[in-house]
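Let me begin by presenting the structure, written as structure tokens, before commenting on it.
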Amino acid sequence: MSLRRVVVTGLGAITPLGNTAPTYWEGLQAGVSGAAPITRFDASKFKTRFACEVKNYNPDTYFPTKEGRKMDIFTQFALIAADEAIKDARLDEEGVDKDRVGVIWGSGIGGLTSLQAECIAFANGDGTPRFNPFFIPKMIADSASGNISIRHKFRGPNFVTTSACASSSDSIISAFNYIRLNMADVVVTGGSEAAITESGVGGFNALKAMSERNDAPELASRPYDKERDGFVLGEGAASLILEEYEHAKARGAKIYAELIGGGMSADAYHITAPDPEGNGVVLVMQNALRDAGISPAEVDYINTHGTSTPLGDGAEVKAIQKVFGEDAYNLNISSTKSMTGHLLGGAGAIEAVACIMAMQHNIVPPTINHFTDDPELDPKLNFTFNKAQAREVNVAMSNTFGFGGHNTSVIFRKLRD
């Protein structure tokens, strides 16, 4: 059985750097930090008092007030990004068979804002169970894919993947496979997260996973820097429209790139810490390259997981050098989390968009906030520090890894007829 080719025909995003895909890309190119003091709640007593929030966000701009109140903010973000991508791909036009259009989304946590609010309200009450009738639909992670399909009447495969910070990359691979295996012609995919809440920030602080550089939030996310001290929490969403190649050609769709491979693996090591030797990361990149049918020498750019944690960044670099060997010195490597923060389950989606935009414009977005070389990292590697770099980008890989040891890599290539 021959596998069908899969291309990207639409993009959408709402991020800490911009509330559309083009403005997000502008922020990446410019090396802008999305980090600032938290406004969503009073964080004055928290160890970390800053995050990468979506700026100037008002749900009433996007939804009628009654409709917005029925959705958690992570679902609102999902709909905004998906709507942009669907419009970009012209999926709502006549002639698209909506029975063959699926929605496969990713979120690591889902409706944390709604869950926290309802639990606090109950705890502060007299024990009488008074809950919002929309509590469960707002809280469950699959409300994102469900709302997108309802809004656009897409009746194909519909579900949400949850694998911590690898969630939306796993959703992209799932969508890829459903199309390759002729179970759908088009899939709206991507991921969203909105965990900048008391419980989200407090929980990650308790794990000692986040930066506490409160005096300079914009400088806090510094992947591959010797002084990195943890990740910065982000929020938002991104969406990609994946489509079978011949189907896209037949309707005259704009094609951004081809998705040529994906790999998955497990560290099988620890529930939160990465394997310090990067063995699972080696395996996932090898699996992705094998699936794509390309050699390491053909990859131009890796958008790394690069969260700015002391252990994680080093393990990923070790793995890249094991997989790519001498070809690692010809790569551009960068972590866009230095600008967006870490969107958890939404990270893979916004970083896939960054890879596609890098190929579109032949510009590699930077790893900002580099001040001190880490002597444990090979200085001959090109981490694209501080400024975007122009280069021909024909093939780009995106890595995402999650608590639980989940590893995922996806590979995009400029379209070849």
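The values are calculated or read from the model by the stated rules, or taken from the named source; none is laboratory data. Source: prediction; values computed, not measured. Positions of Cβ are generated from backbone atoms using ideal geometry, with glycine treated the same way; all protein chains shown enter the neighbour counts. Accessible surface is based on the protein model in full, side chains and every heavy atom, while ligands, DNA and RNA are left aside. Shrake-Rupley method; radii C 1.70, N 1.55, O 1.52, S 1.80 Å.
Taking the criterion of being over 30 Å from GLU198 (Cβ atoms) and surrounded by fewer than 17 Cβ atoms within 10 Å (Cβ to Cβ), the residues of the stretch 97-124 that qualify are ASP97, LYS98, ASP99.
Inside the stretch 83-96, can you point out the residues that are open to solvent by less than 10 Å² (accessible area, probe 1.4 Å) and not in a helix (DSSP H, G or I)? First the steps, then the outcome.
So in the stretch 83-96, the residues open to solvent by less than 10 Å² (accessible area, probe 1.4 Å) come out as 85-86, 89, 91.
Passing the criteria: only LEU91.
Hey, does the stretch 200-212 have a residue that's assigned to a loop (DSSP other than H, G, I, E, B) and within 17 Å of the chain's Cα centre (by Cα)? No - not one qualifying residue is present in the stretch 200-212. Set side by side, the residues ILE179, ILE150, ILE173 differ, and just one is without any contact (Cβ under 8 Å) to a residue 12 or more places away in the chain and out of contact with any helix residue (DSSP H, G or I) (no Cβ under 8 Å at 6 or more places or on another chain), which is ILE150. State which residue is nearest to the chain's Cα centre (by Cα) when the search covers only the stretch 160-199 and only residues that are open to solvent by 10 Å² or more (accessible area, probe 1.4 Å) and on the phi > 0 side of the Ramachandran plot. Only one residue tops the list, namely ALA164. Exactly one residue out of VAL96, VAL101, VAL160 is in contact with an Asp or Glu (Cβ under 6 Å, 6 or more places away or on another chain) and closer than 26 Å to VAL6 by Cα, and it is VAL160.
Total residues in the stretch 11-39 satisfying the condition of being under 19 Å from GLN76 (Cα atoms) and either modelled with pLDDT under 95 or in a strand (DSSP E or B) (or both): the figure is 6. Taken together, LEU207, LEU259 contain a single residue that is within 28 Å of ALA78 (Cα to Cα), among the hydrophobic types (A, V, I, L, M, F, W, C) and open to solvent by 40 Å² or more (accessible area, probe 1.4 Å), which is LEU207. Looking across the stretch 50-69 at every residue that is in contact (Cβ under 8 Å) with a residue 60 or more places away in the chain and buried (at least 16 other Cβ atoms within 10 Å of the Cβ), the one that is nearest to ALA237 (Cα to Cα) is identified as VAL54. Applying the set (1) touching a helix residue (DSSP H, G or I) at 6+ places or on another chain (Cβ under 8 Å); (2) of a type in the set (A, V, I, L, M, F, W, C); (3) under 30 Å from ILE255 (Cα atoms); (4) assigned to a helix (DSSP H, G or I) to ILE80 leaves exactly one unmet item: (1). Looking across the stretch 213-230 at every residue that is part of a loop (DSSP other than H, G, I, E, B) and of a type in the set (A, V, I, L, M, F, W, C), the one that is surrounded by the fewest Cβ atoms within 10 Å (Cβ to Cβ) is identified as ALA216. Among the residues in the stretch 3-12, are any open to solvent by 10 Å² or more (accessible area, probe 1.4 Å), touching a strand residue (DSSP E or B) at 6+ places or on another chain (Cβ under 8 Å) and free of Cβ contacts under 8 Å to residues at least 40 places away in the same chain? Taking every residue of the stretch 3-12 in turn, none turns out to be open to solvent by 10 Å² or more (accessible area, probe 1.4 Å), touching a strand residue (DSSP E or B) at 6+ places or on another chain (Cβ under 8 Å) and free of Cβ contacts under 8 Å to residues at least 40 places away in the same chain.
Looking at the stretch 296-314, is at least one residue hydroxyl-bearing (Ser, Thr, Tyr), touching a residue at least 60 places away in the same chain (Cβ under 8 Å) and part of a helix (DSSP H, G or I)? No, every residue in the stretch 296-314 fails to be hydroxyl-bearing (Ser, Thr, Tyr), touching a residue at least 60 places away in the same chain (Cβ under 8 Å) and part of a helix (DSSP H, G or I).
For residues that are surrounded by fewer than 24 Cβ atoms within 10 Å (Cβ to Cβ) and touching a helix residue (DSSP H, G or I) at 6+ places or on another chain (Cβ under 8 Å), tally how many sit in the stretch 302-314. Within the stretch 302-314, residues that are surrounded by fewer than 24 Cβ atoms within 10 Å (Cβ to Cβ) and touching a helix residue (DSSP H, G or I) at 6+ places or on another chain (Cβ under 8 Å) number 0.
Residues in the stretch 315-359 that are of a type outside the set (Gly, Ala, Ser), in contact (Cβ under 8 Å) with a residue 12 or more places away in the chain, open to solvent by 10 Å² or more (accessible area, probe 1.4 Å) and within 17 Å of GLN286 (Cα to Cα): LYS318, GLN321, LYS322, VAL323, ASP327. Of all residues assigned to the stretch 120-132, at least one qualifies as being out of contact with any Ser or Thr (no Cβ under 8 Å at 6 or more places or on another chain), of a type in the set (Ser, Thr, Tyr) and not in a helix (DSSP H, G or I).
Please go through the stretch 262-301 and pick out each residue that is of a type in the set (Asp, Glu) and surrounded by fewer than 19 Cβ atoms within 10 Å (Cβ to Cβ). Spell out how you get there, then give the answer.
The initial filter retains those residues of the stretch 262-301 that are of a type in the set (Asp, Glu), namely 267, 275, 277, 291, 298, 300.
If the condition is that a residue be of a type in the set (Asp, Glu) and surrounded by fewer than 19 Cβ atoms within 10 Å (Cβ to Cβ), then GLU277, GLU298 are the ones that fit.
Among the residues making up the stretch 360-415, those that are open to solvent by 40 Å² or more (accessible area, probe 1.4 Å), in a loop (DSSP other than H, G, I, E, B) and within 25 Å of MET264 (Cα to Cα) are ASN394, PHE403, LYS414, LEU415.
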